[in-house]
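Okay, structure first, notes after.
The values are calculated or read from the model by the stated rules, or taken from the named source; none is laboratory data. On a predicted model such as this, the values are computed, not experimentally measured, just so you know. Cβ coordinates were reconstructed from backbone atoms using ideal geometry, including for glycine residues, and neighbour counts include every protein chain displayed.
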Ligand SMILES: [Zn+2]
């Protein structure tokens, strides 16, 4: 499937009729650092920078601004994963506060760093299925027509 602004926008409104992936497919591809639309090329160049456009289907992924959503979901996930452990350790062993800090803070940092990238990919995939086209940041440039002579 090749990305075209008009059919992409139309398919955003008409959903699956034009071959846009389902929510689960798009989010799953994003989690695995694959383009949510075609599943072939990577979403990221570097650690968290989204590619300007998919290297395979041309979807302008770089125009989709995930903003604060990935950190929000990352903190939500990692917090729910670790805070019960913090409370359980405190109740059972009552270690010194410095020991809590020495163990949990690096663990939170490492886990958040590992989780942030797949979560951001998933958010980009989710945005595709929600109908974001990036046009809220100005019109999408049309592919340059063939050079006209005369
Ligand atoms: Zn693609």
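Tabulated data
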{"item": "Positions within segment 57-74 being surrounded by fewer than 16 Cβ atoms within 10 Å (Cβ to Cβ) and in contact with a strand residue (DSSP E or B) (Cβ under 8 Å, 6 or more places away or on another chain), in sequence order", "result": "none"}
{"item": "Candidates 129, 133, 113, 59, filtered to the one that is assigned to a helix (DSSP H, G or I) and modelled with pLDDT under 95", "result": "129"}
{"item": "Verdict on residue 15 being away from the ligand (no atom under 16 Å from the Cβ), in a loop (DSSP other than H, G, I, E, B) and at pLDDT below 95", "result": "no"}
{"item": "Among the residues listed as 77, 20, the single one being within 16 Å of the ligand (Cβ to nearest atom) and either touching a helix residue (DSSP H, G or I) at 6+ places or on another chain (Cβ under 8 Å) or in a strand (DSSP E or B) (or both)", "result": "20"}
{"item": "Count - residues of segment 75-132 that are surrounded by 15 or more Cβ atoms within 10 Å (Cβ to Cβ) and within 18 Å of residue 34 (Cα to Cα)", "result": "16"}
{"item": "Checking residue 34 against (1) surrounded by 14 or more Cβ atoms within 10 Å (Cβ to Cβ); (2) in a helix (DSSP H, G or I); (3) modelled with pLDDT of 95 or more, the condition it does not meet", "result": "(2)"}
{"item": "Filtered residue count, segment 35-71, keeping only those that are without any contact (Cβ under 8 Å) to a residue 24 or more places away in the chain, on the phi < 0 side of the Ramachandran plot and either near the ligand (Cβ under 10 Å from one of its atoms) or touching a helix residue (DSSP H, G or I) at 6+ places or on another chain (Cβ under 7 Å) (or both)", "result": "7"}
